[in-house]
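Worksheet: one structure, shown below.
The values are calculated or read from the model by the stated rules, or taken from the named source; none is laboratory data. Just so it is clear, the structure is predicted and the values come from calculations on it, not from any experiment. Cβ atoms come from the backbone with ideal geometry, glycine included; neighbour counts cover every protein chain shown.
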Ligand SMILES: [Ca+2]
Ligand SMILES: [Ca+2]
């Protein structure tokens, strides 16, 4: 039986004006594919969280119900101290994560303002950003009522923070999650948390559970 030839089907003509858009989409797809292949854009929206050693201030371990004073040049795990800070066990007050947290106004000197800082790895890629999160509260045992401080990136202020301790207690610290973003200027970044609370006070802002997240623009994980 003769089978009649099947005519080759011509593609349906695109409506006028769509050709330019198709070309643009094709070019964009090709560009993304090329950048992904070069590692300029990651294949997934974002990588894993950046390693922040001792982000929870759990080392060194302070004996139960005690605290330890750290001064300039001393280390709390991977963090270096400037000024004076207190590393406090949960027996003193509630930690946000684990059993220890840091009072950024230390003890035992005439200038109680302190800071902690460390350098973390921040590889640079096009569109890559980093998000820093941390838990913030304030030493509720004495004034000033409002504690203040700064989160700094490479020594520059990235975020000013404040915490009102009104109504807060050592068993209900009222931690809040703070976050900010930064664009890395090199493959490593120094992250710092510093008190700007009255240097005459030994009762400053309290931080815990510092994390850095890898982001593609604002898509982080
Ligand atoms: Ca902790
Ligand atoms: Ca203190």
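Of all residues in the stretch 63-81, those that are away from ligand 2 (no atom under 16 Å from the Cβ), assigned to a loop (DSSP other than H, G, I, E, B) and in contact with a strand residue (DSSP E or B) (Cβ under 8 Å, 6 or more places away or on another chain) total 4.
Please go through the stretch 88-119 and pick out each residue that is within 11 Å of ligand 1 (Cβ to nearest atom) and in contact (Cβ under 8 Å) with a residue 24 or more places away in the chain. Let's see the steps before the verdict.
Initially, the stretch 88-119 is screened for residues within 11 Å of ligand 1 (Cβ to nearest atom), giving 88-90, 94-102.
88, 89, 94, 95, 96, 97, 98, 99, 100, 101, 102, listed by residue number.
Here is a check on your reading of the model: is residue 40 modelled with pLDDT under 95 and surrounded by 11 or more Cβ atoms within 10 Å (Cβ to Cβ)? Taking the combined requirement at face value, the residue satisfies it.
Screening residue 137 against (1) under 17 Å from residue 83 (Cα atoms); (2) within 16 Å of ligand 1 (Cβ to nearest atom) leaves a single unmet condition, (1).
Determine if the stretch 127-135 includes at least one residue that is surrounded by fewer than 16 Cβ atoms within 10 Å (Cβ to Cβ) and more than 16 Å from ligand 2 (Cβ to nearest atom). Looking for residues that are surrounded by fewer than 16 Cβ atoms within 10 Å (Cβ to Cβ) and more than 16 Å from ligand 2 (Cβ to nearest atom), one finds at least one in the stretch 127-135, hence yes.
From the list 53, 60, the one residue that fits, being in a loop (DSSP other than H, G, I, E, B), away from ligand 2 (no atom under 16 Å from the Cβ) and either buried (at least 19 other Cβ atoms within 10 Å of the Cβ) or modelled with pLDDT under 95 (or both), is 53.
Here is a check on your reading of the model: is residue 212 touching a strand residue (DSSP E or B) at 6+ places or on another chain (Cβ under 6 Å), surrounded by 13 or more Cβ atoms within 10 Å (Cβ to Cβ) and part of a strand (DSSP E or B)?
Working: touching a strand residue (DSSP E or B) at 6+ places or on another chain (Cβ under 6 Å): yes; surrounded by 13 or more Cβ atoms within 10 Å (Cβ to Cβ): yes; part of a strand (DSSP E or B): yes.
Yes, satisfied.
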